[in-house]
Structure formats: C-alpha cells, structure tokens
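> My questions will all concern the structure given below.
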Amino acid sequence: MTTTLQPKDNRDDPYTHADMSNQFWLTCMLTSWSDGRGVLPDYLGLEREQFMDLSAYFFSGKVFPERAPSGSALDYSRMLEKEDLITLLKHYSTADTPETTWMITIIVAGCLGSNHLWQDLGLWQRSHLSALLQYNFPELAEKNTHDMKWKKFLYKQLCEAEGLNLCRAPSCEVCLDYPQCFGTEE
Ligand code: SF4
C-alpha cells in the first residue's frame, strides 16, 4: 500500500526559502516518483537500505513503492562522470551526514535524465531546485551568478575542475549555444 504525501504547504502557494527543507523537497520528489513522474529509478537511485533509512528518518510510518512506478531504470554505465559529480557535490556540501549523501545520490541520478534537472528529479518547479542547491551546497549555488540552467551549470563545473573547455565559443556572450545553457528552464 502506498501513501499520498501531503507537503506542509499548498502546492499553489508561493514558496519561500524559509519554508523549505530537505524534507519538503523529498516530499515533492516522492510524490512525483510515486505518480510515475520524473526520471528517478527504484529507491530514488539510492540503495534499498538507504531508501529505508531515508523513509524512516523523514516519513516515519509511510510506505512507499518498492520499485519506481515509472519503470525508470537508469544506465549508470553511460555516466562516466558519476564519481566526479559526487566529488563536486561533496566538496561543496555543508555537512557530512547520511542526509547529505542521500541528496547527492538523488541529484546525480537526476542528472541522467534528459529534461531539466528539476523535472527529472520530480520537483514541482525550478525554484525548488535552486533552493535545494542553495540549502545543501550554498557556495556552489552562489557561483551560478548568471542563472545558468542547473544541469548545464553542474557539468560546466566539472569541465572547469578538469581544466577543460568544451565550449565552441570563447565566451557565453558570443556563443550560439547560449539558449541551451541559459534562459528559461520551465
Ligand atoms: S553559452 Fe556557450 S560558451 Fe557559455 S557555457 Fe554554454 S556552450 Fe559554453
């Protein structure tokens, strides 16, 4: 039996950062995941034991599906950058806790999707992802001064960490790919 989650806030209310926490974002993600939306696979991309720990920690008494209702199964073999992404997020995380590890693992799973990261994660709007990243990785989020699309931004950080520049233009201002990196992410 599954349980419909009810976030503290009404879905239509304008959210404020102060209202938000990992529990809130996980509520959004689990609600979407339980409805078969988003790209997150079984256990949100976590190990089964981690998923059980997360469920007990944040949603005591709730029962979730054992498998992703969407049937999503991510192929990590095509994600050569997986460890680099984990390292990047760990580097900027403000805490070394199971909660942080869960969030990092879930975000990395979302990066394997082909839509905007907030959609792949099953968040309900882009601002949720911005707030989630700001909350868990504030220094990293603040580096996105030009509001780059979040998935593009994370991969750009990986390139910069490796000293790579895979961009076809010398600067964003003159780049034909600008709309793919910036602009609306709705
Ligand atoms: S807009 Fe062009 S130059 Fe800027 S990050 Fe994107 S691809 Fe690279």
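> With the structure loaded, tell me whether Thr101 is touching a residue at least 12 places away in the same chain (Cβ under 8 Å), of a type outside the set (Asp, Glu) and in a helix (DSSP H, G or I) or whether it fails that test.
So Thr101 passes the test.
> If Gly61 passes every condition in (1) small (Gly, Ala, Ser); (2) exposed (fewer than 12 other Cβ atoms within 10 Å of the Cβ); (3) outside any loop (DSSP other than H, G, I, E, B) but one, which one does it miss?
Result: Gly61 fails condition (3) only.
> Determine the pairs where a residue that is in contact (Cβ under 8 Å) with a residue 24 or more places away in the chain and outside any loop (DSSP other than H, G, I, E, B), located within region 136-152, has a partner that is of a type in the set (Val, Ile, Thr) and away from the ligand (no atom under 12 Å from the Cβ) with Cβ atoms under 9 Å apart, the partner being 6 or more residues away or on another chain.
Asn136/Thr94; Asn136/Thr100; Asn136/Ile104; Asn136/Ile107; Pro138/Thr94; Glu139/Thr94
> Go through the residues of region 81-99 one by one and say whether even a single one is under 18 Å from the mean Cα position of the chain (by Cα) and farther than 25 Å from Phe137 by Cα.
Within region 81-99, the subset under 18 Å from the mean Cα position of the chain (by Cα) is 81-99.
Still in the list and also farther than 25 Å from Phe137 by Cα: none.
Within region 81-99, none of the residues are under 18 Å from the mean Cα position of the chain (by Cα) and farther than 25 Å from Phe137 by Cα.
> Please determine, by comparing only the residues of region 163-186 that are more than 7 Å from the ligand (Cβ to nearest atom) and small (Gly, Ala, Ser), which one is farthest from the chain's Cα centre (by Cα). Break it down into steps so the answer makes sense when it comes.
Our first condition is that a residue be more than 7 Å from the ligand (Cβ to nearest atom); within region 163-186, this holds for 163-166, 170, 173-174, 176, 179, 183-186.
Applying the additional criterion that residues be small (Gly, Ala, Ser) yields 163, 183.
Details: Gly163: 25, Gly183: 19 Å.
In this case the residue turns out to be Gly163.
> For residues that are more than 11 Å from the ligand (Cβ to nearest atom) and surrounded by fewer than 16 Cβ atoms within 10 Å (Cβ to Cβ), scanning just region 151-162, find the one that is nearest to the chain's Cα centre (by Cα).
For region 151-162, the residue satisfying everything is Leu158.
Readers should treat all values here as calculations from the given coordinates under stated rules, not as data from a laboratory. The model shown is predicted, which means the values in this text are computed figures rather than measured ones. For neighbour counting, all protein chains shown are included, and Cβ atoms are generated from backbone atoms with ideal geometry for every residue, glycine included.
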